[in-house]
Amino acid sequence: MSQTRHATQDAPTVGWIGTGKMGGPMARNLLQADIPLMISEPVAASRDQLTDLGARAAGSLYDFASTTIVFSTLPNDQALLEVVLRQSDPQTPGLADTLPAGAVLVEMSTVSPECSELVASRLKTAGVRYVRAPLSGSTDLAAKASLTVLASGDRSGWDEVLPYLEKLSARQFYLGEGEEARYMKLVLNTLVGASSAILSEALSIGASGGLTRSDMMEVICESAVASPLLKYKQETVVSGDYAPAFTVSQMIKDFTLISEAARRNNVPLMTTGLILELYRSASNAGMQDEDFFALVKWQEKLSTR
């Protein structure tokens, strides 16, 4: 049975917008650290899990006017722009209009640098400090407070929110005052997505020579090319159970962000473009909601035709 936690009367309330697969476990970690929390989440089941632990549900963004630190974990550019700017309904204020001057918005989603720049400009006008803090890690790591935080933006805001981030993550990197964290997230996602793509082809080569996936993964994970990611996914690949931790569709979204950022900055990404098409082909084959390491299964099907 979960235990409801009660805030100390003089403790400041922290806001959290978006308490889904990633945001929910992180918000729970704050509650378990006895940090009073106000949340905004459209899915009733996700919202109720946290209110049962003592979180207060916000009725609207107006309620965040009483907070000085707000975290957000949102699905995409459009959701972030809607929450901050209320582009669909200019008559209804977004966070840029409701947060008090001097407050800190800690935005932890994977969004484009271009979107983040627009948010930064509007928040600066409002006097709200903006910390970009995208995450590296899975939902399992979120539950264990073992994520890696990649941060950039207002330095004083970073210093203020770091004690909270330390309750959500195992590693925190401050990378600069602009969009550096957004680009660092794209760097990591490029390598993560490429790992699945190249592994799928490597395993197909081995299988054509009579090797089993179990034997190949055992050797790979004890070789010079071993990585924490491959070791984490070893059982997934061997068992062929691609229950999603991060889906093919989500990887398509991230690789699209990577491609668009590269195009904007005149960076040619020939290999990354091919990997994006591989994920799209797997999605078109019905694997869009499976874990992105389902590319192993997709490559296996291609190789046995």
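The values are calculated or read from the model by the stated rules, or taken from the named source; none is laboratory data. Just so we're clear, the structure is a prediction, and the values are computed from it rather than from any experiment. For neighbour counting, all protein chains shown are included, and Cβ atoms are generated from backbone atoms with ideal geometry for every residue, glycine included.
The number of residues in region 88-147 that are under 30 Å from VAL192 (Cα atoms) and not aliphatic (A, V, I, L, M) comes to 19.
Within region 272-290, residues that are outside any helix (DSSP H, G or I) sit with their Cβ atoms under 7 Å from residues that are not hydroxyl-bearing (Ser, Thr, Tyr), at 6+ positions apart or across chains, in these pairs: GLN288/VAL248; ASP289/PRO244; GLU290/PRO244; GLU290/VAL248. Output the residue which, of all residues in region 231-252 that are polar (S, T, N, Q) and assigned to a helix (DSSP H, G or I), is farthest from ALA285 (Cα to Cα). If we take residues in region 231-252 being polar (S, T, N, Q) and assigned to a helix (DSSP H, G or I), then GLN234 is farthest from ALA285 (Cα to Cα). Scanning region 286-298 for residues that are in contact with a helix residue (DSSP H, G or I) (Cβ under 6 Å, 6 or more places away or on another chain) and surrounded by fewer than 20 Cβ atoms within 10 Å (Cβ to Cβ) gives a single hit, GLN288. Of all the residues in region 16-37, those that are surrounded by fewer than 24 Cβ atoms within 10 Å (Cβ to Cβ), among the polar types (S, T, N, Q) and within 24 Å of THR247 (Cβ to Cβ) number 1.
Taken over region 116-129, the criterion of being buried (at least 18 other Cβ atoms within 10 Å of the Cβ) and either over 21 Å from PRO90 (Cα atoms) or of a type in the set (S, T, N, Q) (or both) is satisfied by SER116, ARG129. Would you be able to tell me the number of residues in region 189-233 that are out of contact with any Phe, Trp or Tyr (no Cβ under 9 Å at 6 or more places or on another chain), closer than 28 Å to MET108 by Cβ and surrounded by fewer than 18 Cβ atoms within 10 Å (Cβ to Cβ)? Selection size over region 189-233: 7.
Of the helices (runs of 4 or more DSSP H) lying entirely inside region 45-135, not one is found with 1 or more residues being of a type in the set (Phe, Trp, Tyr) and without any contact (Cβ under 8 Å) to a residue 24 or more places away in the chain. Scanning region 38-46 turns up at least one residue that is surrounded by 15 or more Cβ atoms within 10 Å (Cβ to Cβ) and either on the phi > 0 side of the Ramachandran plot or of a type in the set (D, E, K, R) (or both). Number of residues in region 140-159 that are buried (at least 17 other Cβ atoms within 10 Å of the Cβ) and either part of a helix (DSSP H, G or I) or not assigned by TED's automatic domain parsing to the domain that holds LEU95 (or both): the value is 4. Scanning region 1-21 for residues that are of a type in the set (A, V, I, L, M, F, W, C) and at pLDDT below 95 yields a total of 3. For region 253-271, the candidate set comprises residues that are in a helix (DSSP H, G or I) and more than 23 Å from the chain's Cα centre (by Cα); within that set, the residue that is farthest from ILE198 (Cα to Cα) is MET270. Within the option set ALA294, ALA261, ALA245, being of a type in the set (Gly, Ala, Ser), under 21 Å from LEU186 (Cβ atoms), modelled with pLDDT of 95 or more and touching a Ser or Thr at 6+ places or on another chain (Cβ under 9 Å) holds for one residue only, ALA261.
One line per residue, one yes/no per condition, for (1) surrounded by 16 or more Cβ atoms within 10 Å (Cβ to Cβ); (2) more than 29 Å from LYS253 (Cβ to Cβ); (3) of a type in the set (A, V, I, L, M):
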residue	(1), (2), (3)
LEU61	yes, no, yes
SER72	yes, no, no
ALA79	yes, no, yes
ALA96	yes, no, yes
GLY102	no, yes, no
MET108	yes, no, yes
